[in-house]
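Here the structure is laid out as structure tokens; the discussion comes afterwards.
Values quoted throughout were computed directly from the atomic coordinates according to the rules given, and no laboratory measurement underlies them. Model, not experiment: these values are computed from the prediction. Cβ placement follows ideal geometry from the backbone for every residue including glycine, while neighbour counts extend to all protein chains displayed.
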Amino acid sequence: MAPKWRRSTRKKKQYWDLVVSTPEQSKGQKRKAMEDSGKGKKKKGESSSNVNQERDPLYFLEDRDLERYNLDFSLRKVINSRWIDNDFFDTHNFDFSSKMDTLGWMPLTLTIDDVYPDLVVYFYANASKGIHSDSIKSYVKGTNISLDRSVIQTLLGIKPGEEVERQSIKRKNQLRAVYGENVNLAAQPRANMLPLELRLVHHFISTILIPKTGKFEYVSDRELFFLWAYVTDSKIDVALFILDQMHKVTIKKINLPYGMLLTKVFKYFRVDLNDEAIRVPKAVRDE
């Protein structure tokens, strides 16, 4: 489904609405679809499971993981997964597709799959750092999962090599490359100060590459680094950033990302997906 643009006038200023594609339910296939209607949301402090329930070894190896699930992770939101139809940018003379292909980001924009929200929650509730600092281990429905850069690169078809490390590029140089030489180095960068193409790239970064919820008007340091990589055609280690974001979820109370990517992970490790609820996200518009 290609993105559609709607032109409108508000206070004599023109703006564009980007419709971002999201997974749709296949015809003729019976599913337990979960929609983000806002109904039936759990209140803070509530849990769908009894805190004192007996641990089921199919879902949790240790009592502490069950407790983390009941008191924390079961109350968090699974972020809606999205993708962007890259053909749109070609028809509107953006250099988006070729740059994404060069940088190795293209597979992320083409990832289209169902999301299993319950399994996503189990994955993060059981997750911890692996043997190496850039790896994560978890447990889902009786299956041990060990994620590292090579697994993610394989699942997304990312070719490793010659990545630029974030620490090697000074922040002021990133700002100047993205915003121009006259940028205020002391101010927090804003997304609405970016040219149209980079605003769209920032939207991709903050909803797919490093997914977040809430406000999108400011550009974080990590998002700035990705924008710098896009502008300068510099390859960065996307898999490492994904693992870092996953680990961040286990130590900070933020919503749960990478639903579609985790579906690939579950299939790769042969997790039983039968009789699991499937989320069918709605389309999202970004001004």
Quiz item: What order, most packed first, do the peptides 100-106, 54-60 have when packing is the mean number of other Cβ atoms within 10 Å of each residue?
Solution: 100-106, 54-60
Quiz item: At a Förster distance of 30 Å, what's the computed FRET efficiency of Asn255 paired with Leu58, Cβ-Cβ distance as r, to 0.05?
Solution: 0.75
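Starting from the Cα-Cα distance between Asn184 and Lys137, subtract it from 0.36 nm times their residue separation and give me the gain in nm to one decimal. Let's see the in-between values first.
Working: separation 47, 0.36 × 47 = 16.92 nm, distance 4.16 nm.
That works out to 12.8 nm of additional length.
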Quiz item: Which aspartates and glutamates does Lys172 reach when only Cα atoms under 15 Å apart count, and residues fewer than 8 places away in its own chain are ignored?
Solution: Glu181, Asp221, Glu223
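List, in the order given, every pair from Lys235/Lys264; Lys141/Lys235; Lys77/Lys137 whose Cα-Cα distance in the structure shown is over 26 Å.
Details: Lys235/Lys264 24 Å; Lys141/Lys235 36 Å; Lys77/Lys137 21 Å.
Where the Cα-Cα span goes over 26 Å, the pairs concerned are Lys141/Lys235.
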Quiz item: Between Ser98 and Arg222, what is the label-to-label distance in nm when each label sits 7 Å out along the Cα-to-Cβ direction?
Solution: 3.1 nm
Self-check item: Cut-off 12 Å between beta-carbons: net charge of the residues surrounding Tyr69, Lys and Arg +1, Asp and Glu -1
Solution: -3
